[in-house]
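Heads up: the structure comes next, in structure tokens.
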Amino acid sequence: MVPMIEAQALTKSFGGTDAVRDVSFSVHKGEVLGFLGPNGAGKSTTMKMITGFLAPTRGTARVCGYDILTQTRAAQRRLGYLPEGAPAYGDMTPFGLLSFVADVRGLGGANRKKRIEAALDAAQVRAVVHQPIDTLSKGFKRRVGLAQALLHDPDVLILDEPTDGLDPNQKHDVRTLIREMAAEKAILISTHILEEVEALCSRTLVIARGSIVADSTPADLLRRDPLHGAVVLAVVPAARAALLPKLHLIPGALTVAEEGAEVIVRPVPGREADLLANVTQAMRAENWPVTEVYQQRGRLDVVFRTLTTTARAPVPTTNAPPRAA
Amino acid sequence: MAPAFAVFKREIASYFATPLAYVFLVIFLVLATSLTFYMGSFFERGQADLQAFFNFLPWLYLFLVPALSMRLWADERKSGTIELLLTLPLAVGHAVVGKFLASWAFCAVGLLLAFPLVIAVSVLGTPDYGVIIASALGALLLSGAFLAIGSAMSALTRNQVIAFVLTATVCFLITASGTSLVTGAFANWAPTAVVEFVSGFSALTHFANLQRGIIDARDVLYFGSLIIGFLLITALIVDLKKAE
């Protein structure tokens, strides 16, 4: 099946330096691809190229099979785009803005009214539909931008930081909305909120200094944390020294380290579940003086920091197989 | 052209959504009529025509039109809406034309609202309506040329004040090149052909031709090519500089 979004070696140079270098990826229907990276890594620049706002220095992108360079209008008709910061004409009302976008997109007749209503409902901006956008709160402005992107029910959605500036409840609503639409569309979102990636995305692309440094599922990324699956035990101080050699011998244990009042047992990669079972079994059998035991999950911020600060050259990526659509 | 019309509609609505439209129209009418009656000696001339009105129009447009055109693109760039606009399925040309036509239509409304002057002269005497119509056409073309220049200057910057100053300067140059101040400076030493060329470049000269009541293709062509030329330049600048 043809991917709905396809970036091919997208490169953008500003004054000789590459802001984005050889970025290639594809998004299929049913996928939510999370674009993750520090500020200035090239997320927005890449999105601007895919939506036809910026011409790439090299490479190209395709939306629903239409080349953004040679079939710009056809590609733009099939995508909805929320630019960074959700810019909107401040003197217009949300209704006015949606009417304008509907006019440009050539929505007419009964469909036009239906689509405007649907977009207002989906983005929950009905309460402020006749207020000038300038007077709206940040959260409402963001949602007006979202309504504009959804207006023509596009196959492809490109959302640059869709939940930035929203309160936790609004974030939840926007995520729910994106999740509801996910099955029918190909969605590309950029964010630097790590929890969002876990909550929303079927695949993650980590970008740093203009290049892709990882392309995998969020769960896969978590596994890159050296402490992913580590078993942490809180042990009575007097018994700690005697326990350490025993933990070394537990099948599946890689290293054992003391940290404050806790003992951390790192697993041999791939044997995380195994390790926990073995530790608890030994604990019960020998009646260790342990007050607390838990298994740690990988932390995305650790992985994120490692990927975006250490990698000078792109590391080999583990491509997740595209989900069946 | 449907997308261009959508842009046109949006722009017109945005003029009237803020006090801009009302302030502009009121100032334009107050200045235009007071210049006509006080400085133009409308009554003292004792002639049933609108020369007094049209003579001052280029100088009035010189600072009012840049005020109208300065926001055309600078504002889009500053607020980031240019990204929203240009990722919609429309050609840059459509956006340029839509915006320009909206500002031009707005100028035309201002001109139209001065029609009580026509009533005044027809009450006072029997004016030559042909001359008035040709002069009005000249004024319309002049404002169009200024707006096209203003649109290009506005596309150059995200700062509206800079856009205003640039537009006023360029418009002043093409207006003043026909005044005796400039032609006089050339007349003493340059061959007549050069003086003719400089003066032929002037918006004032062509406007004066139309004010005599003769609609000459050359004058219309002059303004037409200014408008089209500067709109093409606008589209080029918008396309090249949109990301900055």
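The values are calculated or read from the model by the stated rules, or taken from the named source; none is laboratory data. Everything quoted here is computed from the prediction, not taken from an experiment. FYI the Cβ positions are ideal-geometry reconstructions off the backbone, even for glycines, and counts take in every protein chain you see. Surface areas here come from the heavy atoms of the whole protein model, side chains and all, with no ligands, DNA or RNA. Shrake-Rupley method; radii C 1.70, N 1.55, O 1.52, S 1.80 Å.
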| Does the range B:212-235 contain any residue that is out of contact with any Ser or Thr (no Cβ under 6 Å at 6 or more places or on another chain), crowded, with 18+ Cβ neighbours inside 10 Å, in a loop (DSSP other than H, G, I, E, B) and at negative phi? | no
Matching residues in the range A:141-163 (within 14 Å of chain B (Cβ to nearest Cβ), in contact with a helix residue (DSSP H, G or I) (Cβ under 7 Å, 6 or more places away or on another chain) and either of a type in the set (Val, Ile, Thr) or not in a helix (DSSP H, G or I) (or both)) number 7
Picked from the range A:67-81 (must be more than 9 Å from every other protein chain (Cβ to nearest Cβ) and not in a loop (DSSP other than H, G, I, E, B)), the residue farthest from the chain's Cα centre (by Cα) is A:ASP67
Quick count over the range A:10-46, residues being within 14 Å of chain B (Cβ to nearest Cβ) and either in a strand (DSSP E or B) or more than 19 Å from B:THR87 (Cα to Cα) (or both), is 6
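Quick grid of which residues meet (1) open to solvent by less than 20 Å² (accessible area, probe 1.4 Å); (2) touching a Leu at 6+ places or on another chain (Cβ under 7 Å); (3) farther than 15 Å from B:ILE227 by Cβ; (4) in a loop (DSSP other than H, G, I, E, B):
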position	(1), (2), (3), (4)
B:THR126	no, no, yes, yes
B:PHE172	no, yes, yes, no
B:VAL182	no, no, yes, no
B:ALA185	no, no, yes, no
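Quick grid of which residues meet (1) open to solvent by 20 Å² or more (accessible area, probe 1.4 Å); (2) outside any helix (DSSP H, G or I); (3) small (Gly, Ala, Ser):
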residue: B:LYS99; (1), (2), (3): no, no, no
residue: B:ALA105; (1), (2), (3): yes, no, yes
residue: B:PHE146; (1), (2), (3): no, no, no
residue: B:SER154; (1), (2), (3): no, no, yes
Listed by first then second residue, the pairs whose first member lies in the range B:221-244 and is within 14 Å of another protein chain (Cβ to nearest Cβ), whose partner is among the small types (Gly, Ala, Ser), with beta carbons under 8 Å and at least 6 positions apart or on separate chains, are B:VAL238/B:ALA95; B:VAL238/B:ALA155; B:LYS241/B:ALA155
Restricting the range A:47-66 to residues that are over 24 Å from the mean Cα position of the chain (by Cα) and part of a loop (DSSP other than H, G, I, E, B), the one nearest to the other protein chains (Cβ to nearest Cβ) turns out to be A:ALA55
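For the subset of the range A:126-140 comprising residues that are over 23 Å from A:MET181 (Cα atoms) and open to solvent by 20 Å² or more (accessible area, probe 1.4 Å), which member is farthest from the other protein chains (Cβ to nearest Cβ)? I'd like the intermediate steps shown before the answer.
The first filter runs over the range A:126-140 and keeps only residues over 23 Å from A:MET181 (Cα atoms), leaving A:128, A:130-138.
Filter once more, so that each one left must be open to solvent by 20 Å² or more (accessible area, probe 1.4 Å): A:130-132, A:134-135, A:137-138.
On the way: A:HIS130: 12, A:GLN131: 12, A:PRO132: 7, A:ASP134: 10, A:THR135: 12, A:SER137: 17, A:LYS138: 14 Å.
Looking at the filtered set, the residue picked out is A:SER137.
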From the option list A:THR93, A:THR51, A:THR45, single residue qualifying as open to solvent by 20 Å² or more (accessible area, probe 1.4 Å), in contact with a strand residue (DSSP E or B) (Cβ under 8 Å, 6 or more places away or on another chain) and of a type in the set (Val, Ile, Thr) is A:THR45
Here the residues within the range A:206-245 that are buried (at least 22 other Cβ atoms within 10 Å of the Cβ) and in a strand (DSSP E or B) are A:VAL206, A:ILE207, A:ALA208, A:ILE212, A:VAL213, A:ALA214, A:VAL231, A:LEU233, A:VAL235
Every listed condition ((1) open to solvent by less than 10 Å² (accessible area, probe 1.4 Å); (2) within 27 Å of B:THR18 (Cα to Cα)) holds for B:LEU140 save (1)
Requiring at least 3 residues that are within 14 Å of chain A (Cβ to nearest Cβ), the helices (runs of 4 or more DSSP H) wholly within the range B:43-95 are B:71-79, B:81-86
Out of (1) closer than 17 Å to A:GLY37 by Cα; (2) touching a Lys or Arg at 6+ places or on another chain (Cβ under 9 Å); (3) surrounded by 22 or more Cβ atoms within 10 Å (Cβ to Cβ), the one A:ILE189 does not meet is (2)
Within the range A:157-188, restricting to residues that are in contact with a Gly (Cβ under 6 Å, 6 or more places away or on another chain) and not polar (S, T, N, Q), the one that is farthest from A:ILE212 (Cα to Cα) is A:LEU166
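Take the range B:1-30 and flag every residue that is over 22 Å from B:PHE63 (Cα atoms) and either at the interface with chain A (Cβ under 9 Å from one of its Cβ atoms) or not aliphatic (A, V, I, L, M) (or both).
Narrowing the range B:1-30 to residues over 22 Å from B:PHE63 (Cα atoms): B:1-10, B:13, B:17.
Across the range B:1-30, the qualifying residues are B:ALA2, B:PRO3, B:PHE5, B:ALA6, B:VAL7, B:PHE8, B:LYS9, B:ARG10, B:ALA13, B:ALA17.
Are any of the residues in the range B:160-168 over 20 Å from B:PHE63 (Cα atoms) and out of contact with any helix residue (DSSP H, G or I) (no Cβ under 7 Å at 6 or more places or on another chain)? Write out each step before concluding.
Taking the range B:160-168 first, the residues over 20 Å from B:PHE63 (Cα atoms) are none.
No, the range B:160-168 contains no residue that is over 20 Å from B:PHE63 (Cα atoms) and out of contact with any helix residue (DSSP H, G or I) (no Cβ under 7 Å at 6 or more places or on another chain).
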Reported set for the range A:97-125 where residues are within 23 Å of A:GLY165 (Cα to Cα) and either facing chain B (nearest Cβ under 8 Å) or not in a helix (DSSP H, G or I) (or both) is A:ALA123, A:GLN124, A:VAL125
